[in-house]
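The values are calculated or read from the model by the stated rules, or taken from the named source; none is laboratory data. Small disclaimer: the values here were computed from a predicted structure and weren't measured. Cβ placement follows ideal geometry from the backbone for every residue including glycine, while neighbour counts extend to all protein chains displayed.
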C-alpha cells in the first residue's frame, strides 16, 4: 500500500454584500422605560450568529451591557426590512444598520442626559448603562432614569432607526465597468492543505489545513473560528467528496440520501490551524469585513495542489474523487504528459477542453 | 465593558442545548394539514393534461392546487435586478427537470397527501433532454428551456457577461508564455440539517401567518406576494431562526405553494420536504466549465487573462445571471491583472435549477484560478508563493470592473500562510506590504498598467 | 395499537401503527420536538434519543420496538429552569452549536457516551459520534465540548472558550 | 409461522423498512416484526459460530475478522445497535451496495437456515442470496477460521463500503468473496484458485464479478480496485497467520 504526501497553498478574496449593491438592511431600536434596549431587525440567523453579533454591536454603540439588549428578528410585522442572510452581508450590512440605529438612540440619550445633568450633551459619555460627565464619573444619571424621564415626563419614546444601503452599481454591458464599487469591503484568506494519497486506489485524506483569514475585525472571535472551521469542512467536502451528479453531466445515479451523498463527518476532520488577521475595513461596523461565504473557497484548490505535490497529477474537476485521481495516475503511467508546449503556449487539460462553444461566433468566445 | 471583540456565548446557545429553539417544524398548531407535491417524472416533457379530480375526491384531502390557482405563475425572484422571470411556480405547459412541482395537495396526514399526489393524472409528451452545457450551443442541441439554451438578458441586451479591460491582445503578444487550462466543479447540494419547511396559518382577520425557514424573510414575503398579487400586509412572516441554509433557503421553494394550499383549504398547512426531496429536487450549487488562458512573462508577471465560463443554471435562471456577474467581477482572484477578456454564459440544462450556495459565483473561480496560478508559477520554475506575492493586488490597483482596491490583504495573508507552513521567502518578498510591490522594479511595460502610484 | 413507554420519566400511552417511527410518535403525537426530522433514514443523527440507556436513531426505530422502554430526550436532560448538565454547559462554552438543528441528536448521543464511561479520548468520541452530521461547525468545537464534559470541567457561561490552535494578529499596512 | 411468506414484510431492526414505509416506497398489508422473536444471540460451540438473525450488528463487533472490520464500517454505532444480521443478509442494493455482511459470510463458508415455502432450509449463503425471496432468515452459522477484510473506505456520515473483499483460510483452503461487486455478495472462485499469488488472484477475481456503476463508484473504478483489495486481503491473511 503506497502512500504519498503533499502540500498545497491557495489564496483567495471575497466581496462583502450583494453583487452590485442596492440591497438595504434596516433596523430600529427602542428603549424600555428602565433603559433596556429592544432591537428589531429582519436579519435571519441561519447559525452564523447574527443575533449575537448584532447584540454586541448595539451594546457597544450605545454603551450598555450585552444582557440589556434584546434582539427581535422574529417577524415581518415588528422588524424592519432586511434583504436577507446571503452574500456575506449579515455582519456588515445588517450590522451597520443596527449600528446606525444605535448611534441615533445614543445621541438622544445623551441629549436627555444633558437636560437632566444640566450639562452640554457633548460633554457626556455612556458606559455600562450610565451617562456621566466626561472626566467626572460621579456626576452621572442611569439610563433607566433617562428612559423613565422621557416616557413619563417628556412623553417621548427614545428610539432610533438605521438603514445601511450602498448605491446600486450600474454596469457597462460591453466592458463590465461599474459606476460605483459593486460591493463593500473585500475579505482575504489563504489555506495550506496537507494530504495523503493512496496511489493504488486514488483515495485522498486531508491531514492538516492551516488557514489565514483577514476579517477586518473579529467582533466575536469564537464565531469567526466557527465560520472558519465549518467552512474548512465544507471546503473539504467540495474538494473531495460531494456532488449530486457523480457522473456529471449525466444525471444518472444521483444519490437521494446520506448513504450515497458524502457529507463530511468527524472522521475526516483534519488538524486545523486558524490565524485571524485584523486589517480593518474603512466602512464596516467596527472595521469588520465578512467571513461567511469565503470560508469554503480556499480549500479545494489547496487540496488539488497538494495532490499534485504528492503524486504529480492535476485533477481539475471537483470533487476530486478517488476515481478521478486514479484515472489521472493511469494516464501518467501511460506516459501522457501533464501539459503540451506549443510555441509559447503551455496547454493543460486538452482532452477535457471543448473547442469553445459550437455557436457561430465561437472564435470570438475563446481563442487564447 | 466593551463587548465587540469579546468571546461571548451565542445569544441563542441556551435555547439550542435545551431544545428551546423553535424551528418551523416544531411549531404545533391544531388541525394542521400536511402538504405534498406531485413532481415531474421526466427531465424534459410537454404537459398535455392535468387531471386532479380523483385526488380532490379522496377522503382526507382538503386542497389540490395547480398552475391555474396562481395569479402570477411566472415570477422572477430578482426581477428587480433586471433578471426576468422564466420559471413557473407550478408547471403549466412543460416540465424542464425531474422533480419539478406540477401540483400540490393538502391532506389530513402525510400518507394521505402522498397517495393523493399519486392520484393526480398527468399526461406528457417526452422531449429529448439536454444535460451537457458544452453541447448547448450546437445548432441541433435539444431545447432545454422555453427559449434558447442560454440566458439572453444581461443588462437587458447581452447574451453573455463580458469584461473588457486594458489591451488583452497586446498582453498575449508581449507574453513569454501563455498557459491554458480547463476547470470543472460539479454541482453539489447544500444539505442544510433542516429541510425546506413552511407552515401557513389562515388568521381570522384574513391575514396569513407564514412560519418560514427562509434565509430572507422580507425577500420571501415579496416573492409570495408577487405570485399572489397581494399587498404585503396580508402576510406575516415568522422566521429569523433556521436550521442552516448555506444559500439554498433563499429560493423561497416551499412558502408560496403552502400559502396557496392554506388559502384553498382554509386550514393551517405544513409542508416539510423529505431529505430525498432535498437531494433530488432542491436547487444545487451549479456545475461550471471554465477555460483560462494567462499571458505571463518569464519572470512571473501576469500581463493578461482570457477566460470563458459556462455556468450550468439547470432548467431556469433563478439567481444564475447574478452569480455569473459576481463570478466575472472576481475572475482575477486576489491578484491584479491589467488586461482582461472575460465571457460568461448562463446555460440551461434539464437538471434541477442551481442557486446560490456559500461562495456563490466565486468558489468556482477560486478553484480554477488558484490551480491555474499554481500551474503558471511552476511552468516558469518560480516559487508559487512568490508568484502570488508578485501579482498580489495592492492599494490603488483596480479590479476587473475598474474599482480601486482600498484595503487589499493578499500580501499579508500569503505572508502569514508562508510563515505558518515554514515556507522561506527571499528578503525582498518578506518586506512586501499591501502598498509596496517587490524590491525589483516594475517592468517597463507594466508601468501605468498597475494602479499603485508608489511603484511608478 | 396501544403502546406504552416512558419519556423522561413520564408514562405515556400512544395509539399508533406498530411500524410508525418512534420519531414521528414523539414529535407529532407527544409534541416532544427535540429529536428532529432531518433525514428520516438514519443518515444524520438529528433524531437520536436514548432508549433504555442506549443512543438510538428514533427515525429508524418502529414504535412497537419501544414498547415498555424508558426513553430520554433533550427535554429531560436538565429540569425546567434548573441547572444545565455539564455537557450542555460545555456545548455553550465551546460554541458547539451554530444553527442548533443537530444539537439535540449530538447531545443525546454524547450523553449516552459519557454515561457509559466515555473518556476525553478523541478517537473514542469520533467512534461514538462519527455518524452524526453537523453542517455548520466542522465538528472541532463539538469534539472539544464532549472532551471537556468527559473531564468534568465546569464553565463560566458568560464567555466562550478560546479556540484551540487559533491566533489573532493585526497587520501592517 | 407466517404461511409461505408471500406479501408479508419481515422487519428485523427496521432500519431499511421503516424509512421505506415513511416515504411510501412500501405499504405492507401485513408485517412480521422479529424484535421479540427470540432470534437474537451469538452461540459458540467448539469452533462453530451461530448467529441468530435478530442479532444486532453491534453484537458482532467482538468476532474475529473479517466480521469485526466489516461491522465497524457499517453506518455507525446507533444504527448497528438497531440493524440486524438477518436484515443485512437480505438487504438489496439501493443506489449503493448494501448488505456488507454478505461477502463476509460467503467467505466464511457460512450456511443460512431459513424458513419459508417448503419449510426450513439450510444452505450456503451464496445459494440463499440467489433465491431469497419469500424466506425468513433464522440464523447463519460458520466454522471459525482466520480471516481478513479489505475495503474502499470513503468516510462520511452514513458510511457503507463501495467495494470490499473478505478472505478466510478455511479447512479446505482460502475462500474469497466480495461485497459491492454485483447485485449481492459474490464468491470469487477464480481468485481462490490463484490465492497463492495475491497479484494473480486479484486479476483473476475480475472473472467472477458483475460490476456496475452506482452512486458511490463506477464499474471502471471497481474494476481497477477489486484486484488491489483481493491482494490486500490475501496479504493481511498471510500476515495474520
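Couple of notes before you dig in:
- Residue satisfying condition, being farther than 30 Å from residue C:100 by Cα, surrounded by 15 or more Cβ atoms within 10 Å (Cβ to Cβ), in contact (Cβ under 8 Å) with a residue 40 or more places away in the chain and away from every other protein chain (no Cβ under 14 Å), within set B:87, B:46: B:87
- Every residue from the stretch B:359-391 that is within 19 Å of residue B:419 (Cα to Cα), out of contact with any strand residue (DSSP E or B) (no Cβ under 6 Å at 6 or more places or on another chain) and facing chain A (nearest Cβ under 8 Å): B:374, B:384, B:385
- The stretch B:322-357, subset under 14 Å from the mean Cα position of the chain (by Cα) and part of a loop (DSSP other than H, G, I, E, B), residue farthest from the other protein chains (Cβ to nearest Cβ): B:353
- Taken together, A:212, A:180, A:224 contain a single residue that is under 29 Å from residue A:54 (Cβ atoms) and assigned to a loop (DSSP other than H, G, I, E, B), which is A:180.
For every residue, the table says whether it meets (1) free of Cβ contacts under 8 Å to residues at least 24 places away in the same chain; (2) touching a strand residue (DSSP E or B) at 6+ places or on another chain (Cβ under 9 Å); (3) within 14 Å of another protein chain (Cβ to nearest Cβ); (4) closer than 20 Å to residue D:70 by Cβ.
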position	(1), (2), (3), (4)
D:158	no, no, yes, yes
D:165	no, yes, yes, yes
D:173	yes, no, no, no
D:178	no, yes, no, yes
D:182	no, no, no, yes
D:230	no, yes, yes, yes
D:237	no, yes, no, yes
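Every residue, every condition in (1) touching a strand residue (DSSP E or B) at 6+ places or on another chain (Cβ under 9 Å); (2) under 21 Å from residue B:21 (Cβ atoms); (3) within 14 Å of chain D (Cβ to nearest Cβ), yes or no:
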| residue | (1), (2), (3) |
| --- | --- |
| C:78 | no, yes, no |
| C:121 | no, no, no |
| C:145 | no, yes, no |
| C:148 | no, no, no |
| C:168 | yes, no, no |
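- Residue within the stretch C:124-131 that is touching a residue at least 24 places away in the same chain (Cβ under 8 Å), surrounded by 14 or more Cβ atoms within 10 Å (Cβ to Cβ) and away from chain D (no Cβ under 14 Å) present: no
- Residue match in the stretch A:255-272 (condition: part of a helix (DSSP H, G or I), within 8 Å of chain C (Cβ to nearest Cβ) and in contact (Cβ under 8 Å) with a residue 60 or more places away in the chain): no
- Test: residue in the stretch A:85-96 that is part of a strand (DSSP E or B) and modelled with pLDDT under 95: no
- When the strands (runs of 3 or more DSSP E) confined to the stretch D:124-191 are screened for residues that are within 30 Å of residue D:33 (Cβ to Cβ), those reaching at least 3 such residues are found at D:136-143.
Every residue, every condition in (1) in a loop (DSSP other than H, G, I, E, B); (2) more than 30 Å from residue A:178 (Cα to Cα); (3) in the same structural domain as residue A:148 (by TED's automatic domain parsing); (4) out of contact with any strand residue (DSSP E or B) (no Cβ under 7 Å at 6 or more places or on another chain), yes or no:
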residue: A:8; (1), (2), (3), (4): no, yes, no, no
residue: A:11; (1), (2), (3), (4): no, no, no, no
residue: A:33; (1), (2), (3), (4): yes, yes, yes, yes
residue: A:53; (1), (2), (3), (4): no, yes, yes, yes
residue: A:57; (1), (2), (3), (4): no, yes, yes, yes
residue: A:60; (1), (2), (3), (4): no, yes, yes, yes
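- The one condition in (1) facing chain B (nearest Cβ under 7 Å); (2) under 18 Å from residue A:96 (Cβ atoms); (3) surrounded by fewer than 16 Cβ atoms within 10 Å (Cβ to Cβ) that residue A:167 fails to fulfil: (1)
- Within the stretch C:102-127, tally of residues that are over 10 Å from the mean Cα position of the chain (by Cα) and not in a helix (DSSP H, G or I): 6
- Any hit, the stretch B:220-243, residues being at pLDDT 95 or above, crowded, with 24+ Cβ neighbours inside 10 Å and out of contact with any helix residue (DSSP H, G or I) (no Cβ under 8 Å at 6 or more places or on another chain): yes
- Residue satisfying all of: in the stretch A:62-75; without any contact (Cβ under 8 Å) to a residue 60 or more places away in the chain and more than 7 Å from chain B (Cβ to nearest Cβ); surrounded by the most Cβ atoms within 10 Å (Cβ to Cβ) among these: A:69
- Looking only at the stretch B:1-43, and only at residues there that are part of a loop (DSSP other than H, G, I, E, B) and within 30 Å of residue B:125 (Cβ to Cβ), the one that is nearest to the other protein chains (Cβ to nearest Cβ): B:43
- Residue A:130 within 14 Å of chain B (Cβ to nearest Cβ), surrounded by fewer than 22 Cβ atoms within 10 Å (Cβ to Cβ) and modelled with pLDDT of 95 or more: yes
- Entry remark, the stretch B:182-216: residues being within 20 Å of residue A:81 (Cα to Cα), surrounded by fewer than 24 Cβ atoms within 10 Å (Cβ to Cβ) and within 26 Å of the chain's Cα centre (by Cα) number 0 in total.
- Some residue of the stretch B:253-267 being within 14 Å of chain A (Cβ to nearest Cβ), within 23 Å of the chain's Cα centre (by Cα), closer than 26 Å to residue A:90 by Cα and in contact (Cβ under 8 Å) with a residue 60 or more places away in the chain: no
- Count of residues meeting criterion [in a strand (DSSP E or B) and farther than 12 Å from residue A:70 by Cβ] in the stretch A:35-51: 2
Yes/no per residue for (1) within 19 Å of residue C:132 (Cα to Cα); (2) within 14 Å of chain A (Cβ to nearest Cβ); (3) free of Cβ contacts under 8 Å to residues at least 40 places away in the same chain; (4) surrounded by 18 or more Cβ atoms within 10 Å (Cβ to Cβ):
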{"site": "C:10", "(1), (2), (3), (4)": "no, no, yes, no"}
{"site": "C:35", "(1), (2), (3), (4)": "yes, no, no, yes"}
{"site": "C:47", "(1), (2), (3), (4)": "yes, yes, no, yes"}
{"site": "C:51", "(1), (2), (3), (4)": "yes, no, yes, yes"}
{"site": "C:55", "(1), (2), (3), (4)": "yes, no, no, yes"}
{"site": "C:61", "(1), (2), (3), (4)": "yes, no, no, yes"}
{"site": "C:82", "(1), (2), (3), (4)": "no, no, yes, no"}
{"site": "C:86", "(1), (2), (3), (4)": "no, no, no, yes"}
{"site": "C:90", "(1), (2), (3), (4)": "yes, yes, no, yes"}
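- Only listed residue being away from chain C (no Cβ under 11 Å), crowded, with 23+ Cβ neighbours inside 10 Å and not in a helix (DSSP H, G or I), chosen from A:250, A:282, A:290: A:290
- Answer residue from the stretch B:49-67, given it is under 29 Å from the mean Cα position of the chain (by Cα) and outside any loop (DSSP other than H, G, I, E, B) and is surrounded by the most Cβ atoms within 10 Å (Cβ to Cβ) among those: B:65
- Residue ranges of helices (runs of 4 or more DSSP H) in the stretch D:1-112 with at least 2 members more than 30 Å from residue B:274 (Cβ to Cβ): D:67-72, D:100-107
- Of the criteria (1) touching a strand residue (DSSP E or B) at 6+ places or on another chain (Cβ under 7 Å); (2) more than 30 Å from residue D:11 (Cα to Cα), which one residue C:72 fails: (2)
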